[in-house]
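The values are calculated or read from the model by the stated rules, or taken from the named source; none is laboratory data. Keep in mind that what you see is a predicted model, and the values were worked out from it rather than measured. Cβ placement follows ideal geometry from the backbone for every residue including glycine, while neighbour counts extend to all protein chains displayed. Heads up: the accessible areas ignore ligands, DNA and RNA and are worked out on the full protein's heavy atoms, side chains in. Shrake-Rupley method; radii C 1.70, N 1.55, O 1.52, S 1.80 Å.
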Amino acid sequence: KTPRLTKSDSSSTDSDSKNGRSTPAANEWNAEDDAFWDHRLSRASAQLTKSGVGRWTTQMVVNLLMDSVASMVDGEPFSHHPETRNAVLNFSHEILRSKYHSTVDQVENTIKPFKYEVEVEPHEWKKAQRRSSSLLDNEIRLCRQSLAEIRSSTPKKQLQQAIQFVRSAEKSGIDPVSVQIEIARRNAEHNSADRTDSPSEPLSAASADVAAVPDAGADAAAPADDLGFAQFSPRLVRRAQQALMLQDRLAILHLRKKALNSSACASMDNKRFCPEVFLDVVAEKLAYNAVLFINFELLHDFFFQFPRELDSNLYYGKTLEQTRSFASQNPKIGRQLALLERRAKLELVMARLHDLVRQQTAAEEQATPLRSVRRGGRAGFRPFDEF
């Protein structure tokens with residue numbers, strides 16, 4: 001945040017000057033603050049660049065590719081060929097592993113200059129400003145939604161009292177987590193004491209005060225005793241803590257949204273006032289360069305080698321028997337191949353039968369004239385008809 005001199009600060013400064021005391025210039029913005037925040041922003045940009053962008057982006061792309069290959073071989077028709085499925089996964093992994101380290105090194109070497117200097121164009125700054133504003137709007141919406149869920153699931157009066165309890169505990173220097181533990185312990189002791197005592201015996205005020213406040217000293221216990229915090233359960237205290245955290249986060253997000261929409265964030269010159277926009281520009285440049293070289297170093301080679309490895313492992317170099325055995329692993333294809341084999345055998349038998357029928361018919365046709373000639377010669381021969 002940019003420290004500003006408020007009205008209360010100016011009144012206190014006037015009173016201090018009247019009293020003759022010298023006021024520190026901590027609330028005034030000067031050139032040293034500009035240098036400090038410029039240095040902090042440069043360090044943040046360098047840390048973002050050195051956070052392992054090349055390794056994480058390459059690993060993410062490799063995981064996405066392996067998930068896509070696994071989803072492809074898990075379905076039809078590879079589900080019927082477990083050996084082929086494992087072979088596809090293995091050579092896909094080998095292709096990606098062979099290019100992984102070179103891709104990581106190339107991406108890291110490409111984005112290394114951004115650790116020292118980032119050149120931002122005006123249109124890039126405008127786009128980053130819009131993205132940062134939409135991101136803040138989304139965060140504000142999520143915080144409001146979570147806060148509404150807490151308020152709807154908890155009675156309003158109890159939630160307000162629990163919030164007051166957490167605030168007073170924090171002002172007294174008590175850890176809210178230890179308060180939860182202490183309340184749970186005191187409630188358990190109180191319940192066990194109720195079981196041992198008679199039901200008609202009333203609880204004294206001293207015992208109620210002891211059960212209400214954690215052991216954090218008399219100063220911290222006094223306000224707790226007055227408000228009677230023994231009624232709060234650890235779950236209610238956790239809800240109050242979440243509500244306070246969300247309220248503080250909403251206030252900060254609204255302040256940052258106003259800063260982004262102000263005229264100070266309209267140009268790159270005031271990047272110290274708008275770290276969200278500047279870091280968004282750096283992240284966009286890192287992502288662009290990472291995608292560019294991952295596409296060139298990894299994806300191009302993978303898409304070139306994968307279909308060729310697939311053909312060499314599943315098609316080329318396979319004999320007819322191996323191909324038939326591979327196809328028969330699928331039950332539907334196996335039944336179709338069996339029907340085709342039966343059909344081929346039946347067609348072969350039919351062809352042989354047709355050949356036999358033709359041979360028999362031809363033999364009968366050749367034998368019929370001889371019989372007719374022989375029969376006709378014996379019956380029509382009359383040697384003495386002329387006489």
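Once you put a point 7 Å from the Cα of ARG308 and another 7 Å from the Cα of LEU339, both along the Cβ direction, what distance in nm separates them?
Each label point lies 7 Å from its Cα, and together they span 4.0 nm.
Name the lysines eligible as straight-distance cross-link partners of LYS50: C-alpha to C-alpha under 19 Å, and not fewer than 8 places from it in the same chain.
LYS112, LYS115, LYS285
Any idea how far apart ARG238 and MET66 come out in nm if each label point goes 7 Å out from Cα toward Cβ?
Result for the modelled spin labels: 3.6 nm.
Can you give the accessible area of VAL62, probe radius 1.4 Å, in Å² rounded to 10?
We get 20 Å² for VAL62.
Counting Lys and Arg as +1 and Asp and Glu as -1, what is the net charge of the other residues whose Cβ lies under 10 Å from the Cβ of PHE278?
With Lys, Arg at +1 and Asp, Glu at -1, the neighbours total 0.
Please sort 127-138, 283-294 by packing, taking for each peptide the average over its residues of neighbouring beta carbons within 10 angstrom, highest first.
Packing proxy ranking, top to bottom: 283-294, 127-138.
Take the residue pairs LYS99/LYS332; LYS127/LYS258; LYS171/LYS257 and return only those whose Cα atoms are more than 27 Å apart.
Cα-Cα > 27 Å for LYS99/LYS332; LYS171/LYS257; rest within.
So if each residue of separation counts as 0.36 nm, and I subtract the Cα-Cα distance between ASP34 and ALA287, what length gain in nm does that give?
88.2 nm
Would any residue of the stretch 44-72 have its amide N under 15 Å from a label point 7 Å out along Cα→Cβ of SER262? List them or say none.
Label zone hits: none.
If you take the beta carbon distance between SER192 and ILE252 as r and set R0 to 45 Å, what does 1/(1 + (r/R0)^6) give as a FRET efficiency, to the nearest 0.05?
Efficiency at R0 = 45 Å is approximately 0.55.
PRE reach from TYR316 (point 7 Å along Cα→Cβ): which of the stretch 83-101 fall under 12 Å by backbone N?
Label zone hits: none.
Which FRET efficiency value, to the nearest 0.05, do you get for LEU135 and ARG185 by plugging their Cβ-Cβ distance into 1/(1 + (r/R0)^6) with R0 = 45 Å?
With a Förster radius of 45 Å, E is 0.60.
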